Amino acid sequence: MRLKGLFLGLALLALAAGQVSAQTFNLGLEAGANFSNFVGSDVTVNDVTGSRLGFVGGGFVSLNFGNSFAIRPEILYEQKGGKDTSNNTYQLDYVEIPVLLKFSLGTPGINPSILLGPSFSFNMVAQVANSGSTSAITDSNGSDIGVIGGVEIDIDKFLVSGRYELGFNDVAQNTHIQNGTITLLVGYAFM
């Protein structure tokens, strides 16, 4: 728990420092799809090897330090989870706060970039669905810390990105199962 607090404190400190010295900033919205599954040593033991297609959407602030570097905190609603061989869908939805470093070529018009950074997630929904009925996952972990790596292409004010996120915390107590998520997003920077 102290490690989570330390990570969150460092992220907030970086944001505060970034706002003081950032040359420009952009605000925007983004939305897309998650292709989520479970990873970890207990995945095959529990037969949770299928993936879940989910929605992801939210907003971002890009604190730009020149044309080639930015710090980009985001706030997203993400649907994650997976499926097992009994056709149960594990629905784990999170409010997630990624704090991404963005390294780009700085070219005008079309600008490719690399995204890398931590994510802090807070569980909002934890349930198992099967044939229209749902039941709560009572031993789910209320939060997750992960790491995100990806690529993005900015086309003027529009963006398209693809990323992979690996969660470090187990999704439920007494298991060794974490979230592994591929995310595809499109967005628009309106400011």
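Mind giving me the FRET efficiency for Ser131 and Val151? R0 is 41 Å, r the Cβ-Cβ distance, nearest 0.05 is fine.
Values: r = 38 Å, r/R0 = 0.94.
Once rounded, the FRET efficiency stands at 0.60.
Which residue fluctuates the most in the chain, going by a Gaussian network model with Cα springs under 10 Å, if the choices are Asp144, Asp154, Asp47?
Asp47
Enter the mean projected area of the convex hull around the alpha-carbon atoms of the chain, in nm², rounded to one decimal.
Average of the hull's projected areas for the chain equals 10.9 nm².
For the range 52-149, what does the relative contact order come out to in percent, with C-alpha contacts under 8 Å and a separation of six or more?
23 percent
Given springs between every Cα pair under 10 Å in a Gaussian network model of the chain, which of Lys80, Lys102, Lys157 has the largest fluctuation?
Between Lys80, Lys102, Lys157, it is Lys157 that shows the largest mean-square fluctuation.
Cα axis of helix 2-21 to longest principal axis of the chain: angle in degrees, 0 to 90, nearest 10?
On a 0 to 90 degree scale, this one is about 20.
Check which residues have an amide H placed less than 5 Å from Ile148's amide H, if you skip close sequence neighbours.
For Ile148, whose amide H was placed from the backbone, the distant partners under 5 Å are Gly117, Ser119.
Running a GNM on the chain with Cα contacts under 10 Å, which residue among Gly142, Gly57, Gly167 ends up with the highest mean-square fluctuation?
Gly142
Relative contact order for the range 2-189: what percent, with Cα pairs under 8 Å and sequence separation of 6 or more? List each step's numbers first, then the result.
Working: 518 pairs, mean separation 39.0, N = 188.
That works out to 21 percent.
Read-outs throughout are calculated quantities, based only on the coordinates presented, and are distinct from any laboratory measurement. This structure is a prediction, so every number in the text was calculated from the model and none was measured. Neighbour counts run over all protein chains shown; Cβ positions are idealised from the backbone, glycine included.
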